[in-house]
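The values are calculated or read from the model by the stated rules, or taken from the named source; none is laboratory data. Computed from a predicted model, the values in this text were never measured in an experiment. Cβ: placed from backbone, ideal geometry, glycine included. Neighbour counts: every protein chain shown.
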Amino acid sequence: MDELLAGLKAIAETTRIRILFILSHGELNVSELTYILGQSQPRVSRHLKLMAEAGLLSRNKEGNWVLFRLRGEGLGGALARALVDMLPGRDAVLSGDLSRLEEVRRQREEKAQAYFSANAEHWSSLRSLHVDEASVELAMGELATARSFETLVDLGTGTGRVLELFGPRAQNLHGIDSSREMLAIARANLEKHGFRHAQLRQADIFALPLADSMADLVTIHQVLHFLDEPQRALLEARRILKPDGKLLVVDFAPHDLDELREHHAHRRLGISAEQMTAWLARAGLQLSRHMVLDPPWLKSRKGLTVSLWLAEPRNPARHPSTARKETVQ
């Protein structure tokens, strides 16, 4: 009862109701909320502080930003969502807030696209070396056979494409990346597709801000070759996996394109099936399927083979040698 009363007291103010309405459309930082509400930053910050303390909002630090969203769990989160559902759809003040929110989103997308354009040349040159992304995504969808997931976590989410791919099949989406610029692109992309159930966090892949055994599916798409210690990332992925969860890893098979170290910051030139199997075993996981996508034929140089590995928490009754390897032409 005390928690409920605290929540009711914390929302008994017009601006705070407006804040709940705005945040029901996605997470925002203080500066963005200040612009939408047309109020001073100290005043908005105080409203946010009181509502967060009452359990109505969640706050997450991302570099110099603090991002707020409606709390997803607990009595405070349920109260916040219930109040938003009762708000009138044609209220003039809320309509104005929504218009300014769309302007904030437009500005986000412009900044994200500017960053993407500045770096697109490198990404395009890399994509030309391996099978097209549509084929990779089709294979990912085939390996992740479940029709729906409660919770999906994408590690090294980048532009958020994997979240877009599986978004319609998951109730909760979590994207983790160390790059604030890439997260800005991901936010713009996900908002454009209406994925309000996505949460993006700037965090260390080796120390995830996520609870144990919370994910039905964890994806790591073209990330491990950037890491000094891929084994540690797999250990963290195993920690957050449910006992019946799945891990889907996509990366390059071993290659000799040393230029990728210089121009694309690759730490390792691909990952062999033997190395991946060993890493998975040490992380308490076992390989269930291994799919190989052959590269396009190139006149001037060798292309990159893309490998996909599907793993699950180890079952003592099943031997790793039962994993199936499939080559797709």
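Annotations
- Scan of the stretch 242-261 for residues that are assigned to a helix (DSSP H, G or I) and over 16 Å from L224 (Cβ atoms), ordered by number: E259
- Which numbered condition R43 misses (of (1) of a type in the set (K, R); (2) over 23 Å from A211 (Cα atoms); (3) surrounded by 13 or more Cβ atoms within 10 Å (Cβ to Cβ)): (3)
- Selection from the stretch 245-272 of residues that are among the charged types (D, E, K, R) and at pLDDT 95 or above: K246
- Checking H130 against (1) buried (at least 17 other Cβ atoms within 10 Å of the Cβ); (2) modelled with pLDDT of 90 or more, the condition it does not meet: (2)
- Checking each residue in the stretch 226-243 for being of a type in the set (A, V, I, L, M) and touching a Lys or Arg at 6+ places or on another chain (Cβ under 7 Å) picks out only L227.
- Scanning the stretch 273-308 for residues that are polar (S, T, N, Q) and modelled with pLDDT of 90 or more yields T277, Q286, S288, S307.
- Filtered residue count, the stretch 93-109, keeping only those that are in contact (Cβ under 8 Å) with a residue 60 or more places away in the chain and not charged (D, E, K, R): 5
- All conditions in (1) on the phi > 0 side of the Ramachandran plot; (2) at pLDDT 90 or above hold for Q222, with the sole exception of (2).
- Taking the listed residues F68, F116, the one that is touching a helix residue (DSSP H, G or I) at 6+ places or on another chain (Cβ under 8 Å), modelled with pLDDT of 90 or more and among the aromatic types (F, W, Y) is F68, with no other qualifying.
- Residue-level analysis places A207 outside the set of residues that are over 30 Å from R106 (Cβ atoms) and in contact (Cβ under 8 Å) with a residue 60 or more places away in the chain.
- Filter result for L50 (surrounded by fewer than 18 Cβ atoms within 10 Å (Cβ to Cβ) and either modelled with pLDDT of 90 or more or among the β-branched types (V, I, T) (or both)): yes
- Taking the listed residues I176, I185, I220, I205, the one that is surrounded by 21 or more Cβ atoms within 10 Å (Cβ to Cβ) and part of a helix (DSSP H, G or I) is I185, with no other qualifying.
Listed here are the residues, each with its yes/no results for (1) more than 11 Å from the chain's Cα centre (by Cα); (2) within 17 Å of A146 (Cβ to Cβ).
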| site | (1), (2) |
| --- | --- |
| E164 | no, no |
| A170 | yes, yes |
| G175 | no, no |
| R180 | yes, no |
| L183 | no, no |
| L190 | no, no |
| F195 | yes, no |
| A198 | no, no |
| F206 | yes, no |
